[in-house]
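The next block holds one structure in the form of structure tokens; read it before the comments.
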Amino acid sequence: QLQLVESGGGLVQPGGSLRLSCAASGFTLDYYTIAWFRQAPGKEREGVSCFIIRSGSTIYADFVQGRFTISRDNAKNTVYLQMNSLKPEDTAVYYCAAGLIRQPIGGSSCHGPGSYGYWGQGTQVTVSS
């Protein structure tokens, strides 16, 4: 059974940085797509980024392009989300998810939450002065 554990959230001032981790256990991530989603109070869960590990493709939502970077450490079986230039509107619970996804939608879009079968517990990110 594949299990995911997020960590690295916290309170940061606008313009600051955080690095989120998504550690997988039970299976290697080599054949999976890993995605980050976020959900703010009263808002729908929205996709932030996805990483199709088999092909090496990475995709970012427009609202984080140029600020966030997704990467992995093979030895630790962990995916990271480096978040820079954080804004108050980035405040949300961030979730990582894994799914057996082979291709992005239309070559450039991540799949929605329903395509991911494994989820972490979430980690809170708060951006406030």
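The values are calculated or read from the model by the stated rules, or taken from the named source; none is laboratory data. Note that this is a predicted model, so its numbers are computed, not measured. Neighbour counts run over all protein chains shown; Cβ positions are idealised from the backbone, glycine included. SASA here: full protein model, heavy atoms, side chains in, ligands and nucleic acids out. Shrake-Rupley method; radii C 1.70, N 1.55, O 1.52, S 1.80 Å.
Worth a mention:
- Exactly one residue out of VAL79, VAL64 is in contact with a helix residue (DSSP H, G or I) (Cβ under 9 Å, 6 or more places away or on another chain) and either of a type in the set (A, V, I, L, M, F, W, C) or within 27 Å of GLN1 (Cα to Cα) (or both): that is VAL64.
- Some residue of the stretch 101-123 being within 20 Å of SER25 (Cα to Cα) and touching a helix residue (DSSP H, G or I) at 6+ places or on another chain (Cβ under 7 Å): yes
Each row is one residue, and each column tells you yes or no for (1) among the hydroxyl-bearing types (Ser, Thr, Tyr); (2) in a loop (DSSP other than H, G, I, E, B); (3) open to solvent by 20 Å² or more (accessible area, probe 1.4 Å); (4) in contact with a Gly (Cβ under 8 Å, 6 or more places away or on another chain).
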residue: THR28; (1), (2), (3), (4): yes, yes, yes, no
residue: TYR31; (1), (2), (3), (4): yes, yes, yes, no
residue: LYS43; (1), (2), (3), (4): no, yes, yes, no
residue: VAL48; (1), (2), (3), (4): no, no, no, no
residue: GLN82; (1), (2), (3), (4): no, no, yes, no
residue: SER85; (1), (2), (3), (4): yes, yes, yes, yes
residue: TYR94; (1), (2), (3), (4): yes, no, no, yes
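- Of the listed requirements (1) in a strand (DSSP E or B); (2) out of contact with any Leu (no Cβ under 8 Å at 6 or more places or on another chain); (3) farther than 13 Å from TRP119 by Cα; (4) not hydroxyl-bearing (Ser, Thr, Tyr), ILE70 misses just one: (2).
- Looking only at residues in the stretch 96-117 that are under 18 Å from LEU2 (Cβ atoms) and open to solvent by 80 Å² or more (accessible area, probe 1.4 Å), the one that is modelled with the lowest pLDDT is ARG102.
- Count of the stretch 10-26 residues which are in contact with a Phe, Trp or Tyr (Cβ under 8 Å, 6 or more places away or on another chain) and either assigned to a loop (DSSP other than H, G, I, E, B) or among the aromatic types (Phe, Trp, Tyr) (or both): 0
- The residue pairs whose first member lies in the stretch 104-121 and is part of a loop (DSSP other than H, G, I, E, B), whose second member is of a type in the set (Asp, Glu), and whose beta carbons are closer than 7 Å, counting only pairs six or more residues apart or on different chains, are GLY120/GLU6; GLN121/GLU6.
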